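Quick note: the coordinates plus some simple rules give every number you see, no bench work behind them. Keep in mind that this is a model prediction, so the values were computed, not measured. Glycine also receives a Cβ, built like all others from the backbone with ideal geometry; neighbour counts cover every protein chain displayed.
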Amino acid sequence: MSATPWLYALGVVVLLVGIAVSIALHELGHLVPAKLFGTKVTQYFIGFGRTVWSTRRGETEYGVKAIPLGGFVKIVGMLPPHPGDDPGTVRQSNTGMFTQLVSDARTAEYEHVTAADEPRLFYKLPWWKKAIVMAGGPVVNLVIAFVLFAALFMTIPSQNVENATTTVETVSDCAIPADEAGRKCTDEDPVTPAKQADLQPGDEITSFNGTPITSWDQLTTLIRSNGNNAATIEYVRDGVDQTVTVNTSVQPRPSQGDPDKTERVGFLGVSPVIPAQREDLGFAVATMGDMTVTTVKAIGSLPEKMVEVTKAAFGAERGQDTPMSPVGASRVAGELTSADGATWTDRVFSVGMLLAGLNLFIGLFNLIPLLPLDGGHIAGALWEGLRNAIARLRRRPVPGPVDVAKMLPVAYAVGAVLLVMGVILVYVDIVNPVRLT
């Protein structure tokens, strides 16, 4: 990595600004439909803690707070009154800690509600409008991710492994195990078969053990299945057909079915020329789909990965696939923009992809059906719609709004877990950050 400090700082600033804009647009995704549906919105803020700046437009206060780790939109009437109470009043006699927490939340919710506000309370919206308001934020993040992916792939030429040619780009000097990728060769590392065979960059491989080669994927499959047996390789160098015979070696390489696992397969030690080219919209859609699946799996493995991160806080090795806070992501952005030999196109593409990936993660993570995440409110709205539909089919009275206040103890617990996770991630990103190789 280059030591150019201003390029590093530029990457950090660009990513942090991108995250701030993403947060602002996320909250706008809640604000706009809430206002369109006529609910009363009193606050729109980026950040938490002490107010740094604010201004009032109509009934809504817009502003920025001191801790830029999120944002919020205050929609009046998110919690319905206690069943049986008049709207705008809350029972004050409760027993039990959780019951008191719910009661206090209801009291705070209706402290400034006036009679004129009653028709505009959020809980009175139809279930589908509630779902749209709460889904607005995550959907905006997903749209940002897709727009960034599409813009980057369709405007900046990039290397797609699916476009790999049968021409050799590099020849490895030594065989390094897959789990040690990134380090330099040592005297103990065996020379690669490609090096022994004197293959060189620019050689076009045309045949492997008598099988004509039409694609790099085909060649890779043949090499992996060859084990440590002899291989006759035909290739073209400077327009001249040549042939060489060498034994491929057996090395642990990433599995083709599951890149997270390794298997011992035949190994030659060459990589292909991959021409940089612009992609079409279909490629962006396919990439977004693949990354969505990968991100969902990553979210599912968060508890396991957080154990690794916690160990890293006490000196254990930090895996590159462990989650990061905005602090860690900004450091990665700094390394990407200050990398030796990186062009401005490389820098834009790398930071843009990082920001797109973050928006994809934020959007999908917020859809987890647990309060206080948006997905918890969406789940409540969908359950309300289902419950009311069943009641109508059975010709029974419609139960009415789902009382999400009953789930507040869960929301507090989830919120506490997320807070602890955030603190751990920020700390580890400072003392033992993810570093690029």
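Applying 0.36 nm per residue to the separation of residue 170 and residue 264 and subtracting their alpha-carbon distance, the gain on full extension is 31.7 nm.
With both labels modelled 7 Å from their Cα along Cα-to-Cβ, the residue 278 to residue 118 distance reads 6.0 nm.
Each peptide among 17-30, 159-172 gets the average number of other Cβ atoms lying within 10 Å of its residues, and from highest to lowest they stand as 17-30, 159-172.
May I ask you to derive the relative contact order of the chain, considering only C-alpha pairs under 8 Å and at least 6 residues apart, and to give it as an integer percent? It rounds to 20 percent for the chain.
Pairing the Cα long axis of helix 281-300 with the longest principal axis of the chain, what angle in degrees results, from 0 to 90 and rounded to the nearest 10? The angle comes out near 70 degrees. The magnitude of the dipole of the range 161-276, with charges of +1 and -1 set on the Cβ of Lys/Arg and Asp/Glu and taken from the Cα centre, is near 180 debye. If you take the charge dipole of the chain about its Cα centre, with +1 on Lys and Arg Cβ and -1 on Asp and Glu Cβ, which of 330, 284, 20 is farthest toward its positive end? Positive-most Cα among the choices belongs to 20. Residues in the range 270-278 carry Karplus couplings, in order, of 10, 10, x, 6, 10, x, 7, 8, 6 Hz; the curve used is 6.51 cos²θ - 1.76 cosθ + 1.60 with θ = phi - 60°, and Gly or Pro positions show x.
Ellipticity at 222 nm from helices only: DSSP H runs of n ≥ 4 in the chain, each -39500 (n - 2.57), divided by the residue count, give -15500 deg cm²/dmol. Taking a point 7 Å out from the Cα of residue 344 in the direction of its Cβ, the residues of the range 134-156 whose backbone N falls within less than 17 Å of it are 155-156.
Counting only Cβ charges, +1 for Lys and Arg and -1 for Asp and Glu, the dipole size of the chain around its Cα centre is about 2440 debye.
Can you classify the chain as rounded, prolate or oblate using the Cα gyration tensor, where a ≥ b ≥ c are the square roots of its eigenvalues, rounded means a/c under 1.5, and otherwise it's prolate if a/b beats b/c and oblate if not? The shape class here is prolate. Inter-label distance, residue 230 to residue 128: 7.3 nm, where each label sits 7 Å from its Cα along the C-beta direction. Of the residues 319, 75, 256, the one whose Cα sits farthest towards the positive end of the charge dipole of the chain is 75 (charges of +1 on Lys and Arg Cβ, -1 on Asp and Glu Cβ, taken about the Cα centre). From most to least packed by mean Cβ count within 10 Å, the peptides 353-361, 313-321 give 353-361, 313-321. Per-residue extension of 0.36 nm, minus the Cα-Cα distance of residue 185 and residue 221, leaves a gain of 10.4 nm for this segment.
Charged side chains reduced to their Cβ positions (Lys and Arg at +1, Asp and Glu at -1) give the range 363-406 a dipole of some 420 debye around its Cα centre.
Any chance you could run the full-extension gain for residue 311 through residue 48? It's 0.36 nm times the residue separation minus the Cα-Cα distance, nm to one decimal. Before the final figure, lay out each step's value.
Numbers: separation 263, 0.36 × 263 = 94.68 nm, distance 2.90 nm.
Length difference between fully extended and current span is 91.8 nm.
Candidates 206, 246, 168 compared by Cα position along the dipole of the range 161-276: farthest toward the positive end lies 246, with charges placed on Cβ. List the pairs from 40/305; 65/406; 65/124; 195/297; 129/297 whose alpha-carbon separation is above 32 Å, in the order I gave them. Pairs exceeding 32 Å: 40/305; 195/297. A Förster distance of 51 Å, applied to the separation of the beta-carbon atoms of residue 292 and residue 196, puts the FRET efficiency at 0.75. Computing FRET efficiency as 1/(1 + (r/R0)^6) for residue 387 and residue 417, where r is the C-beta to C-beta distance and R0 is 30 Å, gives about 0.60.
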